[in-house]
1. From (1) surrounded by 11 or more Cβ atoms within 10 Å (Cβ to Cβ); (2) within 26 Å of the chain's Cα centre (by Cα); (3) not basic (K, R), pick out the condition that doesn't hold for Q86.
2. Of the residues that make up segment 22-41, is at least one at pLDDT below 85, open to solvent by 100 Å² or more (accessible area, probe 1.4 Å), assigned to a loop (DSSP other than H, G, I, E, B) and out of contact with any Asp or Glu (no Cβ under 8 Å at 6 or more places or on another chain)?
3. Does L104 meet the test of being in contact (Cβ under 8 Å) with a residue 24 or more places away in the chain, in a helix (DSSP H, G or I), open to solvent by less than 100 Å² (accessible area, probe 1.4 Å) and not aromatic (F, W, Y)?
4. Kindly check whether there is at least one residue in segment 54-61 that is open to solvent by less than 70 Å² (accessible area, probe 1.4 Å), modelled with pLDDT under 95 and at negative phi.
Amino acid sequence: MATIQQELKPLPRETPDDDMDEMYEEEPRRRAWGAIASVILALALVFVGYQWNQAATRAEALGAQVSGLRAEAETQRLRAEDAQRQVDMIQKRLAAVAAEKESLADRVVALEKASSARAAGGDKAKTTKATTTVAAEKPKTTKATAAAPARPKATPVAATKRAP
């Protein structure tokens, strides 16, 4: 019976509690790299999300600025076209005024010749004929001269008298 009791006596074996104790003993030796990495990744995610939001806000602001600049550029382009049209119109008026000036200069020369011929010849018939032809000549009016404001008439050079 002694042998039977020896057989029934449990051998000093490890129990499951011993395994659990071993597991808990090993855990403090492990480092918390996983937790540190997850905290760093969470912070990086928050930072990147904030930067993304800021970039989107800046993109919207820049889009609004670009739209405003496009509208302003179109306005400036239209103003430039209008100014070019005005320059063309002024150049046409200037050409018309130059032509009128030339015709008036020719008329002044004709009047001076007529007055010198009248003074030299003393012929009354020639003088009446010359004054009639000069009076009959009317300056041609163009659109530019019709649109130009009325100016006082110029006095011919031959008609001016100098004081002695």
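The values are calculated or read from the model by the stated rules, or taken from the named source; none is laboratory data. All values reported here derive from a predicted model rather than from experimental measurement. Every residue, glycine as well, gets a Cβ built from its backbone with ideal geometry; the counts of neighbours run over all protein chains shown. Quick note on the areas: whole protein, heavy atoms, side chains included, nothing else; ligands and nucleic acids left out. Shrake-Rupley method; radii C 1.70, N 1.55, O 1.52, S 1.80 Å.
1. Of everything listed in (1) surrounded by 11 or more Cβ atoms within 10 Å (Cβ to Cβ); (2) within 26 Å of the chain's Cα centre (by Cα); (3) not basic (K, R), Q86 misses just condition (1).
2. Scanning segment 22-41 turns up at least one residue that is at pLDDT below 85, open to solvent by 100 Å² or more (accessible area, probe 1.4 Å), assigned to a loop (DSSP other than H, G, I, E, B) and out of contact with any Asp or Glu (no Cβ under 8 Å at 6 or more places or on another chain).
3. Criteria met by L104.
4. Among the residues of segment 54-61, not one is open to solvent by less than 70 Å² (accessible area, probe 1.4 Å), modelled with pLDDT under 95 and at negative phi, which makes the answer no.
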